[in-house]
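The values are calculated or read from the model by the stated rules, or taken from the named source; none is laboratory data. In this text, all values refer to a predicted model and were calculated from it rather than measured experimentally. Virtual Cβ from ideal backbone geometry, glycine too; neighbours counted across all protein chains shown. Please note that ligands, DNA and RNA were not included when accessible areas were found on the heavy atoms of the full protein model with its side chains. Shrake-Rupley method; radii C 1.70, N 1.55, O 1.52, S 1.80 Å.
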Amino acid sequence: MESPENDRIPLEQAEQIVLRWDSTVSEEARARMIFESDRPEIDQYLQAVDEIQRSMESTTLSDDDGADEESKKVNTTIQIAMARLEDEFRNILISHATPIETESLTESISSNHLTPRTSSSFSEFHENDDYSNRGEEDGSSRNGSSSFLERGESSTTIASYRSMSSIREIDLIPSDSIYDLRCIADRMIAAGYFRECVQVYGSVRKSAVDASFKKLGVEKLSIGDIQRLEWEALNSKIGKWIRAAKVCIRVLFASEKRLCQQIFEDLGTAADDACFMETVKGPAIQLFNFAEAISISRRSPEKLFKILDLHDACMDLLPDIDAVFFFKSAESIRVQATEILSRLAEAARGMLSEFENAVLREPSRVPVPGGTIHPLTRYVMNYISLISDYKQTLGELIVSKPATGSRYSDDLTTPDMDFTDHEGQSPLALHLIWIIVILQFNLEGKSKHYKDNSLAFLFIMNNVHYIVQKIKGSPELREMIGDSYLKKLTGKFRQAATRYQRATWVGVLYCLRDEGLHVSGSFSSGVSKSALRERFKSFNTMFEEVHRMQALWLIPDTQLREELQISISEKLIPAYRSFLGRFRTHIENGRHPEQYIKYSVEDLETAVLDFFEGYAVSQHSRRRSQ
């Protein structure tokens, strides 16, 4: 410790200077602050304190009675000086205790360092199918079929938290004030007032940190408080917390650490570390309590993507936490951050498993009208599309294959999956394929609730086609699923389409066969008119019923709908045209031919276009007349 100037002042004068600034006895001393005065007056007071400190050290070494009396006087003076310096220290700190400018920092962080993970909206993720949405592949509504389907998130932006730059220190206090604070701290610590100095510093700076926390939106919530919040409220808080945590660790805490070093470095045993922990330990625990509460909260599938955002943010911040809290007394902070990251990783793995079980066990039994896409299918495919967007993180976290059913067990409630068909694919990719397998297994069960087999096959066709289109629409998902399994899925929905056609049209086309219409005899034309009339009547009845019912059925995908309509026409129209050409004259030469030949070929071609539009036949007629 050295005086600001080389010239020493006499002890008696030094004592007078200190006593003149004793605020307990002097009104002028109470009204003014030394460190708001001119520099010479500040330096004079510091010289006086230094002289008294030197005197105290010398009188301590002396044994005579006079020295003892002098020591008491010096001790009293130094106590007065330390009390005054403590007030000056506090006043300088308070005058610069304004919170940091959080808005510009947050905007800078968000605009410069957050890279969108995907441009896809998350809005479809939890919304269910709208049965009145005709011809829209991704139509959705608020009507849910079960509580599992109703859960979801409202986020529309998914961001990667691995691209932000690191620590950005800012000046919290001007350099001339830092110089004054260091001068005061030096003398207080040398006089044995280390604890008082630390307490004053920590108290004032902690208030400044708390004010910055408030501006950043970091709330004072216990772990219990956080766990009692509804997920909808937590969902919005997680994004705010991530932005705030970046500023807190990379700017606020880092700058507080730098300030402590500027003021206290080399003034005592880890004085800067002690002051830093006095300032930020409480706020740091408050900050990390939020992430910790989320990491140990109840696991449910709709939380997965926010958990992954939180995990990515914490993973990204971990090196900075280690850099800011590198010293021994901050070990508990580093350990807490590492444990939170580990628990978030475990929570993510658990949530994926919960999701798989939820898809398998989703209990809704009411058939969706018209055999359209089930809300579960939309939910699951949007979910795994987002999983593929997080493939970097989840690829690191998911290291084991899914637990599937056994092909040799009698358990009919769980499907099986042969991993030998997917050699070389990552554990995460296997989990995605497994989710699609169990989704199809669930859909097969739901298809059995349709009383009409044709509609059951149409339902499977619609849903598997939707699965295929979602995979094709996401390059990341397609890469992970692989073209081999995609080809298998494509074959499955085409097989369902074929089975629908057989179930619906074999009976109708059977009416147009020649067998049973011809008779033998010299007085006959060779065709049984009564049998022919019955054949036309049967065809009319069956086609009318199919037309009436299947016009109400819905294929949301326009291309798939048109392909199936064309396929139906290619089988129905030539058969009817041929049958009509061969037997029309037999009916027209008889009585009331219009009762038997109700359709021209053109009528059938038009009627087929009504199929799978989701409208009643009467509505189609009105639409065509408009």
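How would the stretch 241-286 be classified by its alpha-carbon gyration tensor: rounded, prolate or oblate, with rounded meaning a/c under 1.5 and the a/b versus b/c comparison settling the rest?
In terms of gyration-tensor shape, oblate.
Over the stretch 374-470, one equal point on each Cα, no solvent: what is log10 I(q)/I(0) by the Debye formula at q = 0.14, 0.24 Å⁻¹?
Here the Debye-derived log intensity ratios amount to -0.61, -1.29.
Which distance in nm do the two modelled labels at Arg361 and Lys73 give, with both placed 7 Å along the Cα-to-Cβ direction?
8.6 nm
At what distance in angstrom do the alpha carbon centres of the stretch 446-482 and the stretch 540-608 lie from each other?
Each part reduced to its Cα centre gives a spacing of 28 Å.
Among Leu532, Gln550, Val617, whose Cα lies farthest out toward the positive end of the dipole of the stretch 532-626, if unit charges sit on the beta carbon of Lys, Arg (+1) and Asp, Glu (-1)?
The one lying farthest along the dipole's positive direction is Leu532.
Residues with beta-carbon under 12 Å from that of Met188, excluding Met188: net charge, scoring Lys, Arg +1 and Asp, Glu -1?
Surrounding charge for Met188 is 0.
Run the numbers for Tyr510 and Glu588: contour at 0.36 nm per residue of separation, minus the present Cα-Cα distance, in nm.
Stretched out fully, the Tyr510 to Glu588 stretch lengthens by 25.9 nm.
Amide H to amide H under 5 Å from Ser528: which residues, 5+ apart in sequence or cross-chain, H placed 1.01 Å off N in plane?
Amide H neighbours of Ser528: His518, Val519.
In whole Å, what is the distance between the alpha-carbon centres of the stretch 264-281 and the stretch 32-53?
Result: 25 Å between the Cα centres.
Under 1.5 on a/c is rounded, so check that first for the stretch 436-475, then, if it is not, pick prolate when a/b is larger than b/c and oblate when it is not; a ≥ b ≥ c are the square roots of the alpha carbon gyration tensor eigenvalues.
Oblate shape, in that a/c is at least 1.5 and b/c is the bigger or equal ratio.
Express in nm, to one decimal, how much length is gained between Glu476 and Arg32 on full extension, taking 0.36 nm for each residue of separation and deducting their alpha carbon distance.
Full extension of this stretch gives 153.0 nm more.
Using only the heavy atoms of the protein chains and a 1.4 Å probe, how would His586, His547, His592 rank by accessible area, largest first?
Putting His586, His547, His592 in descending order of accessible area: His592, His586, His547.
Skip the ligands, DNA and RNA, and give the accessible area per residue of the stretch 507-567 with a 1.4 Å probe, whole Å².
Accessible area per residue: 51 Å².
Distance from the Cα centre of the stretch 312-377 to that of the stretch 210-245, in angstrom?
17 Å
For the stretch 490-591, rounded, prolate or oblate, judged on the Cα gyration tensor with a ≥ b ≥ c (square roots of eigenvalues), a/c < 1.5 rounded, else prolate if a/b > b/c?
It is prolate, given that a/c is not under 1.5 and a/b is the larger ratio.
Once you place label points 7 Å from the Cα toward the Cβ at Asp210 and Asn91, how far apart are they in nm?
Output for this residue pair reads 2.4 nm.
With a point put 7 Å past each Cα toward its Cβ, work out how far Met315 is from Ser538 in nm, to one decimal.
The modelled label-to-label distance comes out at 6.6 nm.
Can you flag which of Lys237/Lys391; Lys73/Lys281; Lys448/Lys598; Lys306/Lys401 are past 29 Å Cα-Cα?
Cα-Cα > 29 Å for Lys73/Lys281; Lys448/Lys598; rest within.
Under 13 Å from the Cβ of Lys529, count the other residues' Cβ atoms, weight Lys and Arg +1, Asp and Glu -1, and hand me the total.
Within the 13 Å Cβ shell, the charges total +3.
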